[in-house]
Amino acid sequence: MGMDRREFIRISGLAALLGLSGKGAFELLRPGQVEAALGAEPKALSGKRWAMVVNMPKLDEATAQKCIEACHRVHNVPDFNSPNDPKDKLDPEIAHRYEVKWLWTEHYHNAFTEDASTLPEKVQHFAFLLLCNHCDNPPCVRVCPTKATFRRDDGIVNMDMHRCIGCRFCMAGCPFGARSFNWKDPRPYVKGTYPGYPTREIGVVEKCTFCAERLAQGLMPACVEASGGAMIFGDLSDEKSKVRETLKKYFTIRRKVHLGTNPQVYYIV
Amino acid sequence: MDDKYKNEFGVFAERPKVEKKFYGGKYIFGGLVIFLILIFLPLAPNLGKTVPSPQRQLDTPVIQKMAEKDRQCVMPTEWMRANHMQMLVDWRESVVRSDEKGAPNVREFVAPDGRKFLASLTNTCLDCHSNKDKFCDQCHNYVAVAPNCFGCHLQEGKKLAEAK
């Protein structure tokens, strides 16, 4: 039995009609209306270029410690010097090698490579509060073979822990030492795990994320909240934002600008 | 040709007498038996046993606090049973990576019936299903899968943190 052209066209037309009916038609004509949808959190803070300003004269050592504590608490960052179970105790030297840090302090000569002779003397005695610089031109993103670390459109250099294979290229690429590797399962060293945030596993690299998860809930980064005004966070592309106002008013320095990564953490000295 | 036997070398008076024998039989069959035993050995421990079907428990504190009519997962139960893994992958992609290519950060999940949820395994799924061993593990063990979500996402100290 054959089929002439008229018959074939009739049947294919009917088949197309059938195919368009039901869920398929909904998908084609009003996509995303049948299935559940994912949308932006309404309270989320949004920006085009997030940046941080650290007011060093205002930031004393105790406040810096408070900021570090706040950050490490809400992100379940382990402290290898104080295990939850005494039998996990590590040799201090080993514990130092395993250290995971998102926010930490360092003196001028360790944080900045520029000659300090033109800066006031006191600058060299500040304990600079250091974190990931969320560079405009991040070398860690360039070297990551799995795109586990990537630059978001709002300037945050974020990590996708699910994709990190632990090759540590990013640690070699980062000129600021902002990245830490999980040499050991961090769970036994996380004090009172913070409920809303996952821990990490052995074998991934982690770093400061400018509190991307808090920005999505409309909150300021944890360190900024704990700093009592010594740290200012905001959108650099917004002319009226507090960071822009502050940058206009004060002289600031950034870490290792000559490397061309365009770091986005500014220090008032 | 009759009873003359012929091969490529010529015609012979009679067929050469070769004893018909199965050589090395005990090694071959012995080897076969050993092979079969080894192949089926892993099945032996479960032979004749019925594995109990998974017993999922939903009596976590958060679920018990809910009103009866609210006790509904983000999607229908049957759908969740079949597709939760794909949904979690979709959530992960949209929450972690959506800002990469111009899309706004996407963290809110709107179910077909209009209810809204934060797209988060730690904060949404594991809040209700806080009993991993009585819920997640039941089926995962039954079908012998070992998802690595819980290496990071299960908060063992969760109850302690809440008690504060």
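The values are calculated or read from the model by the stated rules, or taken from the named source; none is laboratory data. Source: prediction; values computed, not measured. For neighbour counting, all protein chains shown are included, and Cβ atoms are generated from backbone atoms with ideal geometry for every residue, glycine included.
Taking the residues in region A:192-210 that are without any contact (Cβ under 8 Å) to a residue 40 or more places away in the chain and more than 8 Å from chain B (Cβ to nearest Cβ) as candidates, determine which candidate is surrounded by the most Cβ atoms within 10 Å (Cβ to Cβ).
Among them, the one singled out is A:GLY203.
If we keep just the residues of region A:72-119 that are in contact with a helix residue (DSSP H, G or I) (Cβ under 9 Å, 6 or more places away or on another chain) and loosely packed, with under 11 Cβ neighbours inside 10 Å, which is nearest to A:LYS207 (Cα to Cα)?
A:HIS109
Which of the helices (runs of 4 or more DSSP H) contained wholly in region B:73-155 include at least 2 residues that are in contact (Cβ under 8 Å) with a residue 24 or more places away in the chain and buried (at least 19 other Cβ atoms within 10 Å of the Cβ)?
B:77-97
I'm checking my understanding of the structure. Among residues of region A:138-180 that are aromatic (Phe, Trp, Tyr) and either assigned to a loop (DSSP other than H, G, I, E, B) or touching a residue at least 12 places away in the same chain (Cβ under 8 Å) (or both), which one is surrounded by the most Cβ atoms within 10 Å (Cβ to Cβ)?
Checked region A:138-180; the qualifying residue surrounded by the most Cβ atoms within 10 Å (Cβ to Cβ) is A:PHE176.
Would you point out which residue out of A:ASN110, A:ASN84, A:ASN55 is over 30 Å from B:ASP90 (Cβ atoms) and within 14 Å of chain B (Cβ to nearest Cβ)?
Checking each option against the conditions leaves just A:ASN84.
With respect to A:VAL269, is the statement that it is touching a helix residue (DSSP H, G or I) at 6+ places or on another chain (Cβ under 8 Å), over 23 Å from A:LEU59 (Cβ atoms) and in contact (Cβ under 8 Å) with a residue 24 or more places away in the chain true?
It is false that A:VAL269 is touching a helix residue (DSSP H, G or I) at 6+ places or on another chain (Cβ under 8 Å), over 23 Å from A:LEU59 (Cβ atoms) and in contact (Cβ under 8 Å) with a residue 24 or more places away in the chain.
Scan region A:93-116 residue by residue and report those that are among the acidic types (Asp, Glu), farther than 17 Å from A:HIS75 by Cβ and part of a loop (DSSP other than H, G, I, E, B).
Within region A:93-116, A:GLU114, A:ASP115 qualify.
Looking at region A:9-17, is at least one residue of a type in the set (Ser, Thr, Tyr), farther than 29 Å from A:PRO263 by Cβ and modelled with pLDDT under 85?
No.
Out of the residues in region A:169-213 meeting the condition of being at pLDDT 95 or above and among the basic types (Lys, Arg), tell me which one is nearest to A:HIS75 (Cα to Cα).
A:LYS207
If A:PHE128 satisfies all but one of (1) farther than 22 Å from A:GLU206 by Cα; (2) surrounded by 13 or more Cβ atoms within 10 Å (Cβ to Cβ), what's the number of the condition it fails?
(1)
Does region A:226-239 contain at least one residue that is of a type in the set (Gly, Ala, Ser), in contact (Cβ under 8 Å) with a residue 24 or more places away in the chain and within 14 Å of another protein chain (Cβ to nearest Cβ)?
no
Out of curiosity, is A:GLU213 more than 8 Å from every other protein chain (Cβ to nearest Cβ) and in contact with a Ser or Thr (Cβ under 9 Å, 6 or more places away or on another chain)?
Yes: the conditions hold for A:GLU213.
Go through (1) of a type outside the set (Val, Ile, Thr); (2) away from chain B (no Cβ under 14 Å); (3) in a strand (DSSP E or B); (4) touching a helix residue (DSSP H, G or I) at 6+ places or on another chain (Cβ under 9 Å) for A:LYS122 and report which single condition fails.
(3)
Please indicate, with yes or no, whether at least one residue in region B:7-23 is surrounded by 11 or more Cβ atoms within 10 Å (Cβ to Cβ) and under 18 Å from B:LYS132 (Cα atoms).
Taking every residue of region B:7-23 in turn, none turns out to be surrounded by 11 or more Cβ atoms within 10 Å (Cβ to Cβ) and under 18 Å from B:LYS132 (Cα atoms).
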